[in-house]
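Note sheet for the following structure.
The values are calculated or read from the model by the stated rules, or taken from the named source; none is laboratory data. Not measured: the values here are computed from a predicted model. As a convention, Cβ positions derive from the backbone with ideal geometry for all residues, glycine included, and neighbour counts pool all protein chains shown.
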Amino acid sequence: MVESASRDTASPAPQVEQFVSVAETMRPTLTARGKPHVIIIGGGFAGLNAAKGLAGAPVKVTVIDRRNHHLFAPLLYQVATAQLSPANIAQPIRSILRKQKNANVLLGEVEGIDIDAKTIALDSGRTIAYDYLIVAVGATHSYFGHDEWAAMAPGLKTIDDATEIRKRILLAFENAENEPDPGRREAMLTFVVIGGGPTGVELAGAIGEIAGHTLVKEFGNIDPRDAKILLLEGLPRILPMFPEELSADAESDLAEFGVRVRTNSLVTAIDEHGVNIGDERIDANTVIWAAGVQVSRLTQALQDVAELDRAGRVPVERELHIAGHPDIFVLGDAASLKTREGKPVPGVAPAAMQEGKWAAANIVRAVNGHAYTPFVYQDKGSLATIGRHQAVASVKGRNFNGFLAWWMWMVVHVFYLNGLRNRALVISQWAFSYFSFGRNARLITGEQPKTLEKKS
């Protein structure tokens, strides 16, 4: 989990007083419909914490998600690199909320929001009314206008993405083992990760560990250590949200795992056989996208009441609701929110969790006849792991790298992981990998594509 180094404090009193008049006009009615109905769209970090925050409140809660599970996304790259199995980092939403009497879970996709009628429409055709709406739909990949690249360079947002990337990484070595042509074998053993943020850094480092340790003694015709791993970043340095000192440390650490970092490198083309950086051609059969995000299309249903930014995010007030619509909250990756100092609240898991809890608390305040309070973002620090014994961390103005940062990264991720069972499984898998250099989840699943013939 990574956060930018920003810290917020409470808004000045005039902002709170200004909102009182708005809150007083927004009184949920205990009519024939019963308790106020809170609909939460999305079972991610923001949505799930909002639902939990409403436990015991005099409201009815409905959580709607198109998948039946909550995903601990910060560890998704470990599924993609065969460190963990998907079930280690996911848990059914129904299971998580099973003891919350005022909560109901629906599996489905929201296709529209009628703000005037205060209803949402599901893909099943069902329409459900709400008193309060929480939109926490998360984000997907953005290819900056080149959606045709998606097939050649998958991103990493879901379990399906992770298992597809895992298949491509493992098949690269298997195909190279069977390839007699040196040139084609080199392309098969070339891995390009596009995007030098935390996801890209962690993926590249993990591939380096696989090539340099896990697979070393398992092939007869190739040496996995010959793999070329490139991490491409369009900005002047990787991990731009970290202090420059830690960015330099991360680049040095990646080099130890065989990863070559190239900054100021904008990809201009991607096809089945590689990528282009301007006129430069890099032959690579495995390309992974870790650059750019785009909010779910559902936020477009709110564009009549809010001006969306280029990524589709919805600007919200400090109280986390849309201006002029105190009954509609937008959280997490879907929200564009700035602190009092004007810094953007980062779209990361800890921030989303805080927003979810705060939105729930504000709804409880409104139901009890009180005014909303402005969101206070607590910066938990920035963490990113590179590989075995190597990580970087920036916490409360102090920088850490190496073994200590690696331990900090592990402790924090286990702490935030949902469910005792998952925590135990992850710790045991990490212990196995640490002592054996092995990876238990090296399964190639799904249809295995034929090796592509390179066009002349």
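With respect to (1) over 17 Å from the mean Cα position of the chain (by Cα); (2) closer than 30 Å to Glu317 by Cα; (3) part of a strand (DSSP E or B), the lone exception for Leu383 is condition (1).
Please work out if Thr385 is within 30 Å of Tyr132 (Cα to Cα), in contact (Cβ under 8 Å) with a residue 24 or more places away in the chain and buried (at least 17 other Cβ atoms within 10 Å of the Cβ). For Thr385, the condition - within 30 Å of Tyr132 (Cα to Cα), in contact (Cβ under 8 Å) with a residue 24 or more places away in the chain and buried (at least 17 other Cβ atoms within 10 Å of the Cβ) - is not met.
For segment 305-341, which positions are assigned to a loop (DSSP other than H, G, I, E, B) and of a type in the set (Gly, Ala, Ser)?
Going through segment 305-341, the residues assigned to a loop (DSSP other than H, G, I, E, B) turn out to be 305-313, 316-320, 323-324, 331, 337, 339-341.
Selection gives Ala306, Ala311, Gly312, Ala323, Gly324.
Take Ala351 and tell me if it is part of a loop (DSSP other than H, G, I, E, B) and in the same structural domain as Gly53 (by TED's automatic domain parsing). Spelling it out, it is not the case that Ala351 is part of a loop (DSSP other than H, G, I, E, B) and in the same structural domain as Gly53 (by TED's automatic domain parsing). The residue pairs whose first member lies in segment 394-417 and is crowded, with 17+ Cβ neighbours inside 10 Å, whose second member is β-branched (Val, Ile, Thr), and whose beta carbons are closer than 6 Å, counting only pairs six or more residues apart or on different chains, are Asn401/Val392; Ala405/Val392; Trp409/Thr385. Could we say that Gly43 is part of a loop (DSSP other than H, G, I, E, B), at pLDDT 50 or above and either of a type in the set (Asp, Glu) or closer than 16 Å to Leu106 by Cβ (or both) here? Against the criterion (part of a loop (DSSP other than H, G, I, E, B), at pLDDT 50 or above and either of a type in the set (Asp, Glu) or closer than 16 Å to Leu106 by Cβ (or both)), Gly43 qualifies.
Starting from residues that are β-branched (Val, Ile, Thr) and assigned to a loop (DSSP other than H, G, I, E, B), keep the ones in segment 211-265 and report whichever is farthest from Arg185 (Cα to Cα). Full working, then the answer.
Within segment 211-265, the subset β-branched (Val, Ile, Thr) is 214, 216, 222, 229, 238, 259, 261, 263.
Pick out the ones that are also assigned to a loop (DSSP other than H, G, I, E, B) and you get 216, 222, 238, 263.
Numbers: Val216: 16, Ile222: 9, Ile238: 29, Thr263: 26 Å.
Of everything passing the filter in segment 211-265, Ile238 is farthest from Arg185 (Cα to Cα).
Counting only residues that are modelled with pLDDT under 90 and of a type in the set (Gly, Ala, Ser), which one in segment 404-443 is farthest from Arg166 (Cα to Cα)? Going through the qualifying residues, I end up with Gly419.
Condition check: more than 24 Å from the chain's Cα centre (by Cα), in the same structural domain as Glu244 (by TED's automatic domain parsing) and of a type in the set (D, E, K, R). Does Asp271 satisfy that? Lay out the reasoning, then the answer.
Numbers: more than 24 Å from the chain's Cα centre (by Cα): yes; in the same structural domain as Glu244 (by TED's automatic domain parsing): yes; of a type in the set (D, E, K, R): yes.
In short, yes.
Out of everything in segment 53-69 that is hydrophobic (A, V, I, L, M, F, W, C) and part of a loop (DSSP other than H, G, I, E, B), what residue ends up being surrounded by the most Cβ atoms within 10 Å (Cβ to Cβ)?
The extreme case among them is Leu54.
Of the set (1) farther than 21 Å from Phe329 by Cβ; (2) outside any loop (DSSP other than H, G, I, E, B), all apply to Lys157 but (2).
Among the residues of segment 397-416, is there at least one that is over 30 Å from Ala172 (Cβ atoms), aromatic (Phe, Trp, Tyr) and in contact with a His (Cβ under 7 Å, 6 or more places away or on another chain)? Looking through segment 397-416, at least one residue is over 30 Å from Ala172 (Cβ atoms), aromatic (Phe, Trp, Tyr) and in contact with a His (Cβ under 7 Å, 6 or more places away or on another chain). Name the single residue that is nearest to Val275 (Cα to Cα) among those in segment 191-215 being surrounded by fewer than 24 Cβ atoms within 10 Å (Cβ to Cβ) and in contact with a helix residue (DSSP H, G or I) (Cβ under 6 Å, 6 or more places away or on another chain). Across segment 191-215, the extreme among qualifying residues is Gly212. Could you go through segment 165-176 and let me know if any residue there is polar (S, T, N, Q), touching a residue at least 24 places away in the same chain (Cβ under 8 Å) and buried (at least 20 other Cβ atoms within 10 Å of the Cβ). Checking segment 165-176: at least one residue is polar (S, T, N, Q), touching a residue at least 24 places away in the same chain (Cβ under 8 Å) and buried (at least 20 other Cβ atoms within 10 Å of the Cβ).
Has segment 340-353 got any residue that is at pLDDT 95 or above, more than 24 Å from Ile238 (Cα to Cα) and surrounded by fewer than 19 Cβ atoms within 10 Å (Cβ to Cβ)? There is no residue in segment 340-353 that is at pLDDT 95 or above, more than 24 Å from Ile238 (Cα to Cα) and surrounded by fewer than 19 Cβ atoms within 10 Å (Cβ to Cβ).
Within the set Gln100, Gln83, the sole residue that is out of contact with any strand residue (DSSP E or B) (no Cβ under 6 Å at 6 or more places or on another chain), modelled with pLDDT under 95 and among the polar types (S, T, N, Q) turns out to be Gln83. Only residues that are in a loop (DSSP other than H, G, I, E, B) and closer than 30 Å to Leu170 by Cβ were counted in segment 82-137, giving 5.
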